[in-house]
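See structure below.
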Amino acid sequence: RDVNVLADGQARFYDGTTELSTWNIEGKVAGDLVGVAGIKRWQTGSSPSSTTFSLQYSSEGGITTDANYANVVGIQLETGDQYAEGSGGTTTSDTYQTALTLSFDPGGTADYLVILTAEVGIVPASSSLGVKATIDGVDTDEIRRTLKDSSNYTSVFIAKKVSLTSGTRDIVLKFRAADASTTTIRACRIAALKLGNFDASYYADSDTDAST
């Protein structure tokens, strides 16, 4: 999070050689906690060696930036797991556009944990952007964001348990702009993890709006 609202805080997911994800974030008021999250497939090749992964952060212009609650989790992909990634794109349309599609045939009925992530920015920052997932033709979780500055790139993260049957199934990450703005989406990634590959799995969600 940024302690000072006059400058950006940067964060990246790094494997010692390559930036796997990067974010440029800024709170709207002092003390804002701005969370970032993402996924990335990393392949060892035929001769794997020890690799250190890290979440790193920096500040702009010497402004104090804190990093809290950092976590890195590694999951070995198994037979039946699916993954896709793409560079994204830009739109000025207020109609949802496709950023990335993961298509596959489960080969039978199976439960999957579907995870969709991306980095998003908008110009002007005072406008709003939207990101949502469409799973097997059904619109699901939608995220709407405004940002502090046009230089900001923050993350979107959607996770959903779904039951899929035989046949080609499409998991689609979509994005849109609003208020005559320009929305950019990048580092688009979709994973579908077959829950039957885990020794046990537990999941709960609620689509009911709540306020306090």
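Going by what's in this entry, would residue 163 be described as more than 18 Å from residue 177 (Cα to Cα) and among the hydroxyl-bearing types (Ser, Thr, Tyr)?
Here the answer is yes, as residue 163 does meet what is asked.
Could you list, in sequence order, the residues of region 87-134 that are surrounded by fewer than 17 Cβ atoms within 10 Å (Cβ to Cβ) and either acidic (Asp, Glu) or within 13 Å of the chain's Cα centre (by Cα) (or both)?
87, 94, 105, 111
Suppose the filter is open to solvent by 60 Å² or more (accessible area, probe 1.4 Å) and either within 28 Å of residue 106 (Cα to Cα) or in contact with a Phe, Trp or Tyr (Cβ under 9 Å, 6 or more places away or on another chain) (or both); does residue 179 pass it?
no
Which of the residues that make up region 95-145 are charged (D, E, K, R) and touching an Asp or Glu at 6+ places or on another chain (Cβ under 8 Å)?
132, 136
If we keep just the residues of region 53-69 that are under 12 Å from residue 8 (Cβ atoms) and in contact with a strand residue (DSSP E or B) (Cβ under 8 Å, 6 or more places away or on another chain), which is most open to solvent (accessible area, probe 1.4 Å)?
Looking at residues that are under 12 Å from residue 8 (Cβ atoms) and in contact with a strand residue (DSSP E or B) (Cβ under 8 Å, 6 or more places away or on another chain), I get 57.
Does region 160-175 include one or more residues that are under 23 Å from residue 131 (Cβ atoms) and either of a type in the set (Asp, Glu) or at pLDDT below 95 (or both)?
For region 160-175, residues under 23 Å from residue 131 (Cβ atoms) and either of a type in the set (Asp, Glu) or at pLDDT below 95 (or both): present.
Is it true that residue 35 is of a type in the set (Gly, Ala, Ser), in contact with a Lys or Arg (Cβ under 7 Å, 6 or more places away or on another chain), under 17 Å from residue 119 (Cα atoms) and surrounded by 11 or more Cβ atoms within 10 Å (Cβ to Cβ)?
no
Would you tally the residues in region 171-205 being under 22 Å from residue 19 (Cα atoms) and of a type in the set (Lys, Arg)?
Of the residues in that region, 2 qualify.
Going through region 42-52 one residue at a time, which ones are closer than 22 Å to residue 12 by Cβ and either open to solvent by 70 Å² or more (accessible area, probe 1.4 Å) or touching a His at 6+ places or on another chain (Cβ under 8 Å) (or both)?
Selection gives 42, 43, 44, 49, 50, 52.
Every residue, every condition in (1) part of a loop (DSSP other than H, G, I, E, B); (2) farther than 18 Å from residue 156 by Cα, yes or no:
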site	(1), (2)
17	yes, yes
30	yes, yes
38	yes, no
51	yes, yes
58	no, yes
62	yes, yes
77	yes, yes
90	no, no
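Of everything in region 139-169, what is open to solvent by 50 Å² or more (accessible area, probe 1.4 Å), under 18 Å from the mean Cα position of the chain (by Cα) and more than 19 Å from residue 120 (Cα to Cα)? Give them in sequence order.
139, 161
In region 94-212, which strands (runs of 3 or more DSSP E) lie fully inside it and hold 1 or more residues that are of a type in the set (D, E, K, R)?
Hits in region 94-212: 110-123, 129-135, 138-145, 154-164, 169-177, 182-194.
Please state which of the following conditions residue 17 fails to meet, knowing it meets all the rest: (1) among the hydroxyl-bearing types (Ser, Thr, Tyr); (2) touching a residue at least 24 places away in the same chain (Cβ under 8 Å); (3) open to solvent by 50 Å² or more (accessible area, probe 1.4 Å).
If we test residue 17 against (1) among the hydroxyl-bearing types (Ser, Thr, Tyr); (2) touching a residue at least 24 places away in the same chain (Cβ under 8 Å); (3) open to solvent by 50 Å² or more (accessible area, probe 1.4 Å), just (2) comes out false.
Please go through region 36-80 and pick out each residue that is at pLDDT below 85 and in contact with a Phe, Trp or Tyr (Cβ under 8 Å, 6 or more places away or on another chain).
65, 67
The values are calculated or read from the model by the stated rules, or taken from the named source; none is laboratory data. The structure displayed is predicted, hence computed values, not measured ones. Neighbour counts are summed over all protein chains in view; Cβ atoms, including those assigned to glycine, are modelled from backbone coordinates with ideal geometry. Note: accessible area is taken over every heavy atom of the protein model, side chains too, but ligands, DNA and RNA are not part of it. Shrake-Rupley method; radii C 1.70, N 1.55, O 1.52, S 1.80 Å.
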